[in-house]
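Take a look at the structure set out below.
Please treat every number below as a calculation from the coordinates, not as lab data. This is a predicted model, so every value here is computed, not measured. For neighbour counting, all protein chains shown are included, and Cβ atoms are generated from backbone atoms with ideal geometry for every residue, glycine included.
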Ligand SMILES: NC(=O)c1ccc[n+]([C@@H]2O[C@H](COP(=O)([O-])OP(=O)(O)OC[C@H]3O[C@@H](n4cnc5c(N)ncnc54)[C@H](OP(=O)(O)O)[C@@H]3O)[C@@H](O)[C@H]2O)c1
């Protein structure tokens, strides 16, 4: 009898923060990986073959995979997967809790994003079903840990530059920041969990804390110890409106500020039950926030 070779994975979004964490875990457990992204993966690893490319043009190597992971844009993956001639019994794809939090947003662009995420998830499930494969969708909350996220790392960068970070006093909505490596662990666990077939899971971090407390912990992790300045909420909104009118702060839409008051909290118990999900509490270090 010939011994079984290593398990084989096709990973999209290999250069991203979740993708890199996933490649690390796959390498540690002996997987042979074909990784796809336009930029190279952040870390060189054994048993890794990188394909420079992206959606929609990437043509999958004509080989069999045990699993396909999507750690990039879900809409582009779902369309690619619908048209690809690819056989793999398991598909694990990252979506987002924005599917729920932005469903009833005031901003039409945010509502459209939620609708796109929902349609993309449905497409992945339907196409997997049509091919006799099993798909699992994973929806992280606010992702951090690789020092290159667009939320907490951006807050850290701004605070280091200016020596302070300003928040409205009512920025008390609950958040559950989730570490990239906990997401990678969940993706691997989903592979071997029969209950995870055909399911979508929220993947929140291991702790719910108010927005301003989350920012406080980010600032406390920085050697410069920037100050957190809480200003009356109407004043904050006035200053923000002026900054927007002046063409600054494109990355901070009004909806994002309004949501600082809202609790964006998700139940981890289905993922704990089916995936053995065990996300860490929020204790950021400088290395998790600042890339040198
Ligand atoms: N970051 C968060 O807070 C957060 C929260 C909830 C859900 N998510 C979801 O989790 C997933 C991964 O997020 P992330 O934060 O790890 O993202 P990221 O660091 O921005 O990485 C995105 C990855 O997608 C790839 N990509 C982008 N456009 C592509 C295209 N046209 N064709 C092929 N690859 C493409 C990028 O590779 P190249 O640019 O090198 O091609 C990169 O590897 C995404 O689905 C995201 O929506 C993220």
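So here's what we get for this one:
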{"quantity": "Helix 152-162 vs. the chain, principal-axis angle (Cα, 0 to 90°, nearest 10)", "calculated": "40 degrees"}
{"quantity": "Degrees, to the nearest 10: 211-220 long Cα axis against longest axis of the chain", "calculated": "90 degrees"}
{"quantity": "Highest average packing first - 118-124, 281-287, 94-100, Cβ atoms within 10 Å", "calculated": "94-100, 118-124, 281-287"}
{"quantity": "In degrees, nearest ten, helix 108-130 long axis to first principal axis of the chain (Cα)", "calculated": "20 degrees"}
